[in-house]
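Comments concern the structure below.
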Amino acid sequence: MTNYKAQMPNEVHMLCETRVYDLEERTALFAEKIIDFVKTLSRNSINNVLIGQIIRSSTSIGANYMEADGAESKKDFNHKISLCRKESKETKHWLRMIAKANSDKQKECTFLGNEAQELTLIFSSILLNRKARD
């Protein structure tokens, strides 16, 4: 495993962990990091909507990955992995909106957005490799 640490504010110190390559664990940790992050946001009419959206999309990544892992067919697997990719892309969108609504959280959003982008690329790669083999 490759270790890396990021320069981040104390409120997201929990994000600075060893990189995880097990997708089940990585997607779960990502959702947990999002949950911890949104707890630092102030509650107002805008953030409340954004928080609900990002919690749904970020936790859906791991849930769909778990479903893909137990897929009953290649078609089902590809569909679930496509959903993982879609939800990770959506999570990036909500992080951008949170950064816009909370200018003091831009660094944290960028850091989390980078992980969402990596997950998107991983799921895209899985799909491309599957299609190449099928």
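Within the stretch 55-91, the set of residues being touching a Ser or Thr at 6+ places or on another chain (Cβ under 8 Å) and more than 14 Å from Leu119 (Cβ to Cβ) is empty. Considering every residue within the stretch 83-95, establish whether at least one is of a type outside the set (Val, Ile, Thr), part of a helix (DSSP H, G or I), modelled with pLDDT of 95 or more and surrounded by fewer than 16 Cβ atoms within 10 Å (Cβ to Cβ). Within the stretch 83-95 (the criterion being of a type outside the set (Val, Ile, Thr), part of a helix (DSSP H, G or I), modelled with pLDDT of 95 or more and surrounded by fewer than 16 Cβ atoms within 10 Å (Cβ to Cβ)), the answer is yes, since at least one residue qualifies. Scanning the stretch 97-134 for residues that are among the polar types (S, T, N, Q) and modelled with pLDDT under 95 turns up just one, Asn129.
So that you can scan it fast, the table gives a plain yes or no per residue for (1) of a type outside the set (Asp, Glu); (2) over 16 Å from Ile35 (Cα atoms); (3) touching a helix residue (DSSP H, G or I) at 6+ places or on another chain (Cβ under 9 Å):
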site	(1), (2), (3)
Leu83	yes, yes, yes
Ala101	yes, yes, yes
Phe111	yes, no, yes
Glu118	no, yes, yes
Phe123	yes, yes, yes
Leu127	yes, yes, yes
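Residue-level analysis places Glu24 among those that are at pLDDT 95 or above, exposed (fewer than 15 other Cβ atoms within 10 Å of the Cβ), within 13 Å of the chain's Cα centre (by Cα) and within 20 Å of Leu128 (Cα to Cα). Just wondering, is there one or more residues in the stretch 115-123 that are crowded, with 21+ Cβ neighbours inside 10 Å and aromatic (Phe, Trp, Tyr)? Yes, there is a match, as at least one residue in the stretch 115-123 is crowded, with 21+ Cβ neighbours inside 10 Å and aromatic (Phe, Trp, Tyr).
The values are calculated or read from the model by the stated rules, or taken from the named source; none is laboratory data. What you see is a predicted model; the values in this text were computed from it and never measured. Don't worry about glycine lacking a Cβ; one is built from the backbone with ideal geometry, like all the others, and counts go over all protein chains shown.
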